[in-house]
Amino acid sequence: MYSILDIETTGGKYNEEGITEIAIHKFDGHRVVDKFISLVNPEREIQPFVVNLTGINSKMLHSAPKFHEVAKRIVEITEGTTLVAHNAQFDYRILRTEFRRLGYNFERKTLCTVDLAKQLIPEAESHSLGKLVRSLGIPVSDRHRANGDALATLKLFKVLLNKDLDKTIIREVTRAETLGELSQRQLRIVDQMPSETGVYYMFNKDRKIIYIGKSTDIKKRINQHFTSDTETGRNLQKETRKVTFELTGNELVAYLKVNEEIKRNPPKYRVNGEDLALLPNHNGEINQQKEPYCLDGKDVMVVDKGRETGERSAVLIKNGQVKGMGFYELNHQINNLRILESILTPVNGGVEVIKQVELYLTYKKVVDIIEINSPD
C-alpha cells in the first residue's frame with residue numbers, strides 16, 4: 001500500500017518552513033482507495049516567490065485548519081503505507097518536522113519517484129516532475145498545487161510500476177515487512193485477490209519470487225494453486241508467504257508481461273503451460289475457423305481495454321516483432337511514436353511470442369489495430 005504525497009510550503013530557512021497545502025492519495029498498487037486534500041494554515045508568512053509559484057497566499061489560508069488539526073488524519077491515511085513522492089526526501093523531512101513540533105515521532109518507509117525514474121527511464125532528458133510527465137504524455141493540471149502534483153506523481157508511479165520488470169519497487173517495499181510462518185489467514189489471501197485479468201507473483205519468506213502466472217480470474221487461479229494436489233501446488237502452499245498482483249485489463253498484455261518477467265525474474269518453480277501460453281489450444285479445432293492474422297513485416301499498434309475506465313492498453317509491433325507494451329489515457333500519447341515508445345515497457349518477443357499474438361488477433365476481439373508510421 002502506498003501514500004502518494006505532495007506538499008506545498010511557505011519557503012524560508014531550512015527546517016523552518018511551514019506546510020500550506022497537502023494532498024495524499026492512498027494507492028493499493030491498482031486503485032486509489034482513500035485521499036486527503038487540504039489547505040493548511042502555516043501560522044507564518046509565505047515567501048513572495050512561493051506565492052507567485054503556487055498562487056497560494058496568506059488570505060487564502062486564514063480560515064484553513066492548522067497542522068495540528070489535520071495531523072491525526074495524516075497519521076491514519078498513511079498508517080501501514082510507503083510514502084511515495086517526487087523528491088521524497090523533501091516532503092518526508094517537512095512532515096517529520098511538523099510532527100516533531102507536536103512532540104510526535106512520525107516514521108514511514110519512503111520511495112522517491114525521482115530515483116525510480118532515473119533507474120527505469122534513464123533516457124529522459126530531465127527527471128523534474130513537470131518535464132518528465134510532459135515527455136511521457138501524462139496529462140497534468142494545477143502544477144505547483146499539492147493535488148495537481150500528487151496526481152501527476154500518481155500517474156508517473158503507475159508508469160514506473162509497469163516498467164519495473166525486475167520488481168525493484170515491490171522488493172524494496174516488502175524488504176521491511178515481517179513475513180512469518182504461513183498461517184490460515186495468509187493462506188486465505190485468495191479472498192483479497194480480484195476476479196479480474198492480470199499477472200500475479202508468489203513470494204517466499206525470503207522475498208524471492210517462486211512463481212509468476214497470469215489469469216483472466218486471478219482469485220480463481222490463486223485458489224487453484226492453494227488447493228492443488230500436484231507437487232508444485234503442494235510446494236507453493238508450503239512456501240508462499242505473500243501474493244501480489246498487477247491488473248492488465250486484457251489477456252494479451254498479461255501474456256506478454258508474464259513471458260518478459262520470467263526472463264528477468266526466473267521463478268523457483270517452472271510455470272505451467274496455462275500460465276505461459278496465450279491460447280493453449282492453438283493446435284486444436286480453433287485453427288479451422290479463421291484465416292490466421294499475419295504480422296510478418298508489419299508496423300502496427302494493438303489497442304485494447306486498459307485497467308480502468310478511460311485507459312487503453314497498447315502493444316507496439318515493429319517489422320513483425322513485439323517491441324513494447326503499456327497503457328495510455330490520451331490519444332496524443334499514441335499519435336506521437338516518440339512519446340509512445342517512452343511510456344511503453346520494452347518487450348523482446350521471439351518466434352513463439354509473435355505466433356501467440358497472431359493467434360490472439362485471429363480469434364480474440366480487440367479495440368483496434370492501428371497501422372503506424374515511423375518518424376522521419
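The values are calculated or read from the model by the stated rules, or taken from the named source; none is laboratory data. Since the model is a prediction, treat every value here as computed from it, not as a measurement. Every residue, glycine as well, gets a Cβ built from its backbone with ideal geometry; the counts of neighbours run over all protein chains shown. Heavy atoms of the whole protein, side chains included, go into the accessibility calculation; ligands, DNA and RNA do not. Shrake-Rupley method; radii C 1.70, N 1.55, O 1.52, S 1.80 Å.
A few comments on the model shown:
- Within the stretch 263-277, the set of residues being over 18 Å from His225 (Cα atoms) and open to solvent by 30 Å² or more (accessible area, probe 1.4 Å) comprises Lys263, Arg264, Pro266.
- Scope the stretch 344-376; condition under 21 Å from Lys263 (Cα atoms), among the hydrophobic types (A, V, I, L, M, F, W, C) and within 26 Å of the chain's Cα centre (by Cα); matching residues: Leu344, Val347, Val353, Ile354, Val357
Rundown of residues vs (1) surrounded by fewer than 17 Cβ atoms within 10 Å (Cβ to Cβ); (2) outside any helix (DSSP H, G or I); (3) at pLDDT 90 or above; (4) of a type in the set (Val, Ile, Thr), yes/no style:
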{"position": "Arg234", "(1), (2), (3), (4)": "yes, no, no, no"}
{"position": "Val253", "(1), (2), (3), (4)": "no, no, yes, yes"}
{"position": "Lys257", "(1), (2), (3), (4)": "no, no, yes, no"}
{"position": "Asn287", "(1), (2), (3), (4)": "yes, no, no, no"}
{"position": "Cys294", "(1), (2), (3), (4)": "yes, yes, yes, no"}
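- The residue list Phe27, Phe90 contains one member that is surrounded by 21 or more Cβ atoms within 10 Å (Cβ to Cβ) and of a type in the set (Phe, Trp, Tyr), which is Phe27.
- Tallying residues that are within 16 Å of Ser342 (Cβ to Cβ), out of contact with any His (no Cβ under 9 Å at 6 or more places or on another chain), of a type outside the set (Asp, Glu) and not in a helix (DSSP H, G or I) within the stretch 89-126 yields 3.
- Scanning the stretch 30-62 for residues that are open to solvent by 60 Å² or more (accessible area, probe 1.4 Å), in contact with a strand residue (DSSP E or B) (Cβ under 8 Å, 6 or more places away or on another chain) and in a loop (DSSP other than H, G, I, E, B) returns Glu43, His62.
- Verdict on Thr240 being polar (S, T, N, Q), closer than 25 Å to Leu165 by Cβ, open to solvent by less than 40 Å² (accessible area, probe 1.4 Å) and at pLDDT below 90: yes
- Candidates Gly349, Gly320 - the one that is of a type in the set (Gly, Ala, Ser) and modelled with pLDDT of 90 or more: Gly320
- Test result for Arg96, under 24 Å from Arg312 (Cβ atoms) and without any contact (Cβ under 8 Å) to a residue 12 or more places away in the chain: no
- Filter result for Arg307 (open to solvent by 10 Å² or more (accessible area, probe 1.4 Å), under 27 Å from Asp28 (Cα atoms) and of a type in the set (Lys, Arg)): yes
- Count of residues meeting criterion [open to solvent by 40 Å² or more (accessible area, probe 1.4 Å), in contact with a helix residue (DSSP H, G or I) (Cβ under 9 Å, 6 or more places away or on another chain) and modelled with pLDDT of 90 or more] in the stretch 129-169: 2
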